[in-house]
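Undergrad: A single structure is presented below for examination.
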Amino acid sequence: MTVTPLATNQDLDLARLREAFGAFPSGVVAVAAEVGGRLTGLAASSFTSVSLDPPLVSFSVANTSKTWPDLRRAAHLGLTVLADHHGEVCRQLAGPVEHRFDEVTVTATDDGAVTLDEGLARFDCTIYREVEAGDHTIVILRLHAVETLADDDDTSMPLVFHRSGFGRLAESA
Ligand SMILES: Cc1cc2nc3c(=O)[nH]c(=O)nc-3n(C[C@H](O)[C@H](O)[C@H](O)COP(=O)(O)O)c2cc1C
């Protein structure tokens, strides 16, 4: 076996980093809440499950986000794992704020957590911790309620974000 050593002290420019990070496929969640009577939210592919006890998940938000300062004021946040038919909804949730929820069917709790009705999994959360991490903030969320779409539902395939595009998992044989 030939092992090529990883060149050290590379010039890690943004394009090179984006390309390398894009090699890692991920799902996408919608992070949303009702803030001051307005639906507020964004799409995030940085979602990760963190802990079972206590139940924690995380996502990273860019420090340039104009939405996060509003969203973080909500008493509760909703997270929705997007399904493979949510490609357009996902782009919408990352686009102009005034159209993020156009034609999107959502449910809001009394505490303001907003989730998409056709999501594969939905979480009701509160902010547990925010950790500064370079040009992003890692937001750790505590879960208060979860709901998962039934396995036999034929829409139960996740949206997959990979190399700046959307894909889907192949059906297993
Ligand atoms: C597939 C996809 C994944 C994204 N993931 C993240 C993410 O993990 N963190 C983040 O801060 N923004 C992410 N974004 C961008 C946000 O959805 C949103 O466009 C960005 O926060 C700018 O809007 P804002 O200024 O209203 O926050 C993603 C966008 C897309 C399309």
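Undergrad: Sticking with the crude label model, points 7 Å out along Cα→Cβ, report the distance from ALA133 to SER49 in nm, one decimal please.
TA: Modelled inter-label distance: 1.8 nm.
Undergrad: Let me ask another. So which trypsin sites (Lys or Arg not before Pro) in region 45-113 pass both tests, a DSSP loop state and at most 15 other Cβ atoms within 10 Å of the Cβ?
TA: LYS66, ARG73
Undergrad: Here's another thing I want to ask about it. Would you work out if region 93-173 is rounded, prolate or oblate? Take a ≥ b ≥ c from the square roots of the eigenvalues of the alpha-carbon gyration tensor; rounded if a/c is under 1.5, else prolate when a/b is larger than b/c, oblate otherwise.
TA: Verdict is rounded for region 93-173.
Undergrad: While we're here: When the chain is fully extended, how far beyond the present Cα-Cα distance does ALA62 get from LEU12, taking 0.36 nm per residue of separation? Intermediate results must be reported in sequence, preceding the final value.
TA: On the way: separation 50, 0.36 × 50 = 18.00 nm, distance 1.88 nm.
That works out to 16.1 nm of additional length.
Undergrad: Quick one: HIS76, HIS136, fewest Cβ neighbours within 10 Å first, how do they rank?
TA: Neighbour counts put them in this order, fewest first: HIS136, HIS76.
Undergrad: Taking other Cβ within 10 Å of each residue's Cβ, how do VAL146, VAL31, VAL139, VAL50 sort, fewest first?
TA: Ranked by crowding around the Cβ, least crowded first: VAL146, VAL50, VAL139, VAL31.
Undergrad: Still on this structure, I have one more. Would you grab the residues whose amide H sits under 5 Å from the one on ALA121? Only those 5+ places off in sequence or on another chain, please, with H modelled 1.01 Å from N.
TA: Here the answer is VAL81, LEU149, since their amide H atoms fall under 5 Å of that of ALA121.
Undergrad: Remind me, relative contact order of the chain in percent, using alpha carbon pairs under 8 angstrom and six or more residues apart?
TA: It comes to 26 percent, rounded to a whole number.
Undergrad: Okay, moving on. Send over the Kirkwood Rh of the chain, from the inverse of the averaged 1/r over different Cα pairs, rounded to one decimal Å.
TA: Final number for the Kirkwood radius of the chain is 17.2 Å.
Undergrad: Enumerate the amide H contacts of HIS76 below 5 Å, restricted to partners 5 or more residues apart or on another chain; note that Pro and chain-start residues carry no placed amide H.
TA: The list, which skips near neighbours in sequence, is ALA113.
Undergrad: Sticking with this one: Along region 79-86, what does the Karplus equation 6.51 cos²θ - 1.76 cosθ + 1.60 (θ = phi - 60°) give for ³J(HN,Hα), rounded to whole Hz, x for Gly and Pro?
TA: So the J values, rounded to whole Hz, are 10, 10, 7, 6, 8, 4, 8, 9.
Undergrad: May I pose another question? Which of GLU118, GLU147 has the fewest other C-beta atoms within 10 Å, and how do the rest follow up to the most? Don't jump to the answer; show the numbers that get you there.
TA: Values: GLU118 18, GLU147 13.
Exposure proxy ranking, most exposed first: GLU147, GLU118.
Undergrad: How far apart, in nm, are the 7 Å Cα→Cβ label points at ARG163 and THR126?
TA: Calculated label separation equals 4.4 nm.
Undergrad: With each pseudo-label sitting 7 Å past Cα toward Cβ, what's the VAL146-SER172 distance in nm, one decimal?
TA: In this crude label model, VAL146 to SER172 measures out at 1.8 nm.
Undergrad: Can you give the Kirkwood hydrodynamic radius for region 8-100, in Å, rounded to one decimal and based on Cα pairs?
TA: Kirkwood radius, region 8-100: 15.0 Å.
Undergrad: Ordered by residue, what ³J(HN,Hα) values in Hz, to whole numbers, does region 38-44 give under the Karplus form 6.51 cos²θ - 1.76 cosθ + 1.60, where θ = phi - 60° and Gly and Pro are x?
TA: Going residue by residue, I get 10, 6, 9, x, 8, 8, 9 Hz, with x marking Gly and Pro.
Bear in mind these aren't lab numbers, they're just calculated from the coordinates by the rules spelled out. A quick note: this is a predicted structure, and the numbers were derived from the prediction, not measured. Because the Cβ atoms are built from the backbone with ideal geometry, glycine has one as well, and the counts that use them run over all protein chains shown.
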